[in-house]
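Before any comments, here is the structure.
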Amino acid sequence: MKIHPTALVAEQAQIARDVEIGPHAIIGPEVSLGEGCVVHGMAVIEGKTTIGENSFIGYGAALGAPPQDFAFKDEVRSELRVGKRSALREYVTVHRGSKDGSATVVGDDCSLLAGSHLGHNVRLGNKVTISNNCLLGGYVEVGDGSVLGAGCAFHQFLRVGRLSVVSSGARSRKDIPPYVSVAANNTLAGINAAGLQQAGWTAEAQAEILRAFLLVYGSHLNVSQALEKSKETSWSPEASAFFDFIASSKRGVWSGRRWKKPAP
């Protein structure tokens, strides 16, 4: 354990072996840091916050603070949970949950780049990348492997499906389906082919997702009609998840421009 002499670490904090804590960092009494964690200088970790092994906390990060929720009461017992091998870089802010027993959750192998913000009760899956100055309101959910570009902003209670990619500067008030690419002008640019390929998907699996995408966004049918039409075909679990996500949306999903099916 290597703790800089100017760091303020509460005696009750649970600090595993091999943890490094930099100058002027502040670690609260309910904080738990797993083995191999590195906390850089000026970071503040408070509240009931658990950080998994081999995670990295950058300079000036503020984690586990009370949420920016006017209804929040000081007596509320909520928490922040960060998984293993995740990096929360410089000046990242992540607030704990706003209700008793609730939590803000960051999965394993996530990267939150400088200046990004997660509001209360946000839930990130595994291998999620949140780019610089990206802002997520309360209760936003982001699926595994998704990438959110710099300067994006997401309204509270939104969902972003797994393996989606959102270009820098996008603003979203509706759900973003899984496997898609969102352009900077807030339109769907197609499927996230590069992300699917990197995730190890076969060409056949990608082609089926494209067919599912075009059924919803490239046909003459509206969303409800497309979902009903999809029931006439047997789909893979991944494609079925695409349709299920859209069907379960409470805020509605992005529509974007109507796509044309590629020529045979």
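The values are calculated or read from the model by the stated rules, or taken from the named source; none is laboratory data. It should be emphasised that the depicted structure is a prediction, and the values quoted were computed from it without experimental measurement. No Cβ is skipped: glycine too gets one built from the backbone with ideal geometry, and neighbour counts run over all protein chains shown.
Each row is one residue, and each column tells you yes or no for (1) closer than 26 Å to residue 139 by Cα; (2) modelled with pLDDT of 95 or more.
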{"position": "158", "(1), (2)": "yes, yes"}
{"position": "161", "(1), (2)": "yes, yes"}
{"position": "178", "(1), (2)": "yes, yes"}
{"position": "189", "(1), (2)": "yes, no"}
{"position": "201", "(1), (2)": "no, yes"}
{"position": "211", "(1), (2)": "no, yes"}
{"position": "240", "(1), (2)": "yes, yes"}
Practice problem: Would you tally the residues in the stretch 126-175 being in a loop (DSSP other than H, G, I, E, B), within 22 Å of residue 190 (Cβ to Cβ) and not aliphatic (A, V, I, L, M)? | Solution: 18
Self-check item: Failed criterion for residue 34 (all others in (1) over 15 Å from residue 93 (Cβ atoms); (2) small (Gly, Ala, Ser); (3) surrounded by 19 or more Cβ atoms within 10 Å (Cβ to Cβ); (4) in contact with a Leu (Cβ under 7 Å, 6 or more places away or on another chain) hold)
Solution: (4)
Quiz prompt | From 111, 131, 116, residue being of a type in the set (S, T, N, Q) and surrounded by 22 or more Cβ atoms within 10 Å (Cβ to Cβ) | solution = 116
Exercise. Scan the stretch 69-80 for residues that are part of a strand (DSSP E or B) and surrounded by fewer than 19 Cβ atoms within 10 Å (Cβ to Cβ) and jot them down.
Key: 79
Quiz item: Does the stretch 41-68 hold any residues that are buried (at least 17 other Cβ atoms within 10 Å of the Cβ), in contact (Cβ under 8 Å) with a residue 40 or more places away in the chain and in a loop (DSSP other than H, G, I, E, B), and which are they?
Solution: 47, 52, 58, 67
